[in-house]
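Enquirer: The structure under discussion is supplied below as structure tokens; questions concerning it will follow.
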Amino acid sequence: MDRPSASLTELLEALIDGMGYFDLAAEHSRQAACIQLFHQIRRLKADIATGLIADLCVADLQPEGTGSWLATYRQACAGLSDRLASGLEPEIIAALEAQETRLARAFRDAVGRDRPPHLRELAATYLPEVEQARDCLHALHRHVAH
């Protein structure tokens with residue numbers, strides 16, 4: 001069974017959801033390096049979301065509706081706010097890393113040949129930044145785990 005693919009609107013909504021998660025993580029974190037990284041990734045998400053909105057406007061594209069990908073994504077993130085509020089650094093980082101891995105996979109899938117051309121272009125433009133955020137969290141997770 002194929003997993004659902006994200007529409008442009010769903011990617012945008014996931015970025016916006018993620019901004020809230022990183023705000024919450026920064027609020028509950030106790031390590032300055034983690035707080036700084038969480039704020040940095042939150043700003044990156046805001047920049048990507050702003051870019052996607054601008055690209056939609058310039059191209060005069062109508063956002064697609066939301067579908068099963070966003071529902072699946074949000075279900076996977078259920079309980080994330082509670083985990084972030086725990087204040088336990090390894091727990092916070094692991095939860096955010098998992099969320100970023102799902103988002104990076106969705107951007108990677110959006111670059112696929114069977115996706116609409118405008119979605120492929122935009123996803124390809126922002127994929128390196130999404131993967132960079134995930135990679136930074138992965139490195140931090142490995143560092144905190146040791």
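Enquirer: For the condition surrounded by 15 or more Cβ atoms within 10 Å (Cβ to Cβ) and farther than 20 Å from residue 25 by Cβ, what is the one hit in 127, 137, 103?
Expert: Of the residues listed, the single one that is surrounded by 15 or more Cβ atoms within 10 Å (Cβ to Cβ) and farther than 20 Å from residue 25 by Cβ is 127.
Enquirer: Just checking, which of 89, 100 is in contact (Cβ under 8 Å) with a residue 60 or more places away in the chain, farther than 23 Å from residue 8 by Cα, out of contact with any His (no Cβ under 8 Å at 6 or more places or on another chain) and not aliphatic (A, V, I, L, M)?
Expert: So the residue among 89, 100 that is in contact (Cβ under 8 Å) with a residue 60 or more places away in the chain, farther than 23 Å from residue 8 by Cα, out of contact with any His (no Cβ under 8 Å at 6 or more places or on another chain) and not aliphatic (A, V, I, L, M) is 89.
Enquirer: All but one of (1) loosely packed, with under 14 Cβ neighbours inside 10 Å; (2) within 20 Å of residue 3 (Cβ to Cβ) hold for residue 118; which doesn't?
Expert: (2)
Enquirer: Moving to a separate point now. Of all residues in region 48-71 being aliphatic (A, V, I, L, M) and at pLDDT below 80, which is nearest to residue 130 (Cα to Cα)?
Expert: 56
Enquirer: Name the residue that is nearest to residue 123 (Cα to Cα), counting only residues in region 77-110 that are more than 12 Å from the chain's Cα centre (by Cα) and not in a helix (DSSP H, G or I).
Expert: Checking each candidate, the answer is 78.
Enquirer: Could you list, in sequence order, the residues of region 21-33 that are in a helix (DSSP H, G or I), closer than 18 Å to residue 82 by Cα and either out of contact with any Lys or Arg (no Cβ under 9 Å at 6 or more places or on another chain) or of a type in the set (D, E, K, R) (or both)?
Expert: Residues satisfying the conditions are 23, 24, 27, 28.
Enquirer: Ok, one more. From the list 142, 74, which residue is within 15 Å of residue 18 (Cβ to Cβ), modelled with pLDDT under 90 and in a helix (DSSP H, G or I)?
Expert: Exactly one residue qualifies, and that residue is 74.
The values are calculated or read from the model by the stated rules, or taken from the named source; none is laboratory data. The structure presented is a predicted model; accordingly, all values stated were derived computationally and were not measured. A quick note on method: Cβ atoms are made from the backbone with ideal geometry, for glycine too, and the neighbour counts reach across all protein chains shown.
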